[in-house]
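See below for the structure under consideration.
Please treat every number below as a calculation from the coordinates, not as lab data. The model shown is predicted, which means the values in this text are computed figures rather than measured ones. So basically every Cβ, Gly included, is an ideal-geometry build from the backbone, and we count neighbours across all protein chains shown.
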Amino acid sequence: MQQEYVSVRNSHVFALPDTISLDEGAALPINYVTAYQALTRVGRIEAGQTVLISGAAGAVGHALIQLSRALGAKPIAVVSSPLKAEAARKSGAAAVVDLSTEILSDVVSSLTAGQGADLAFDPVGGSLLRDLIKSVRERGAIVSIGFAGGAESCLDLAEIVVHEKRLLGYDAWLETDEAVSNAFSAVRSFVEKGAVRPVIDSTWTLEEFEKAYERLASRQAIGTILLKA
């Protein structure tokens with residue numbers, strides 16, 4: 001028998017704008033709330049700042065690009081292929097660094113007149129984190145959001161100490177219901193203004209969850225992967 005009803009806490013129910021579909025709405029809460037809180041609460045982003053965004057073609061990366069633009073910043077997308085570079089441009093990135101052909105710190109230095117980016121937001125981790133630290137300015141900050149590329153990284157402590165750079169962490173599980181509600185309200189207002197909109201990579205049935213996970217683990221997805229009953 002197919003389930004027709006489910007009990008959900010009021011704090012976990014959000015009204016969607018009329019301008020997006022249910023599928024797009026399903027891509028909003030974790031990706032966009034994560035991005036918004038990482039940008040504002042942890043990164044303390046300011047209008048006019050230049051921000052690096054790794055994994056920029058993924059679900060969180062896409063949200064980071066759109067929200068950073070909506071907040072008045074200039075996002076520089078960091079990707080690993082020409083296909084992902086094109087996706088990042090469509091998301092609204094002001095500039096793109098393709099790691100398959102370019103050196104991150106060199107491109108960022110050129111784009112920022114040698115100063116480096118003000119902030120970096122990193123859902124990838126692994127060896128890329130070291131390069132992101134190198135690419136932010138003196139007293140800049142890196143917000144680590146995830147570790148899709150590996151949970152361990154070899155850091156250059158001299159780069160952090162000598163230039164007083166900050167490495168910060170963000171974990172969505174530490175958010176309170178009130179913080180999530182406030183963040184979603186902010187995201188909803190950006191959706192209503194047409195400033196942000198999720199991108200759906202693919203949709204799978206629950207019976208296809210293994211294939212959906214393979215797609216996620218492949219790191220080839222452009223946008224959000226959805227499961228539907």
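Considering only Gly116, Gly140, Gly48, the Gaussian network model of the chain with Cα springs below 10 Å gives its largest mean-square fluctuation to Gly48.
Applying the Kirkwood pairwise sum to the alpha-carbon positions of region 92-159 produces a hydrodynamic radius of 12.4 angstrom.
Among the trypsin sites (Lys or Arg not before Pro) in region 17-100, those located in a DSSP loop and surrounded by at most 12 other Cβ atoms within 10 Å of their own Cβ are Arg44. Summarising the amide proton neighbourhood of Ile142: residues at separation of 5 or more, or on other chains, whose placed amide H is nearer than 5 Å comprise Ala120, Arg166, Leu167, Leu168. Taking all Cα-Cα distances within the chain, those exceeding 33 Å account for 16%.
Plainly put, region 118-223 has a radius of gyration that is 1.05 times its Kirkwood radius, both from alpha-carbon atoms, as the Rg/Rh ratio. In terms of its C-alpha gyration tensor, region 183-229 has a prolate overall shape, because the principal axis ratio a/c (a ≥ b ≥ c, square roots of the eigenvalues) is not below 1.5 and a/b outweighs b/c.
The overall shape of region 6-102, judged from the alpha-carbon gyration tensor, is prolate: a/c is not under 1.5, and a/b is greater than b/c. Annotation for region 121-209: GluC sites (Glu not before Pro) lying in DSSP loop with at most 13 further Cβ atoms inside 10 Å of their Cβ are Glu152, Glu164. A cut-off of 5 Å between modelled amide H atoms, ignoring neighbours fewer than 5 places along the same chain, links Val97 with Ala77, Val78, Val79.
Which one, Ile160, Asn10, Val124, projects farthest toward the positive side of the charge dipole computed for the chain from Cβ point charges (K/R +1, D/E -1)? The listed residue farthest towards the positive side: Ile160.
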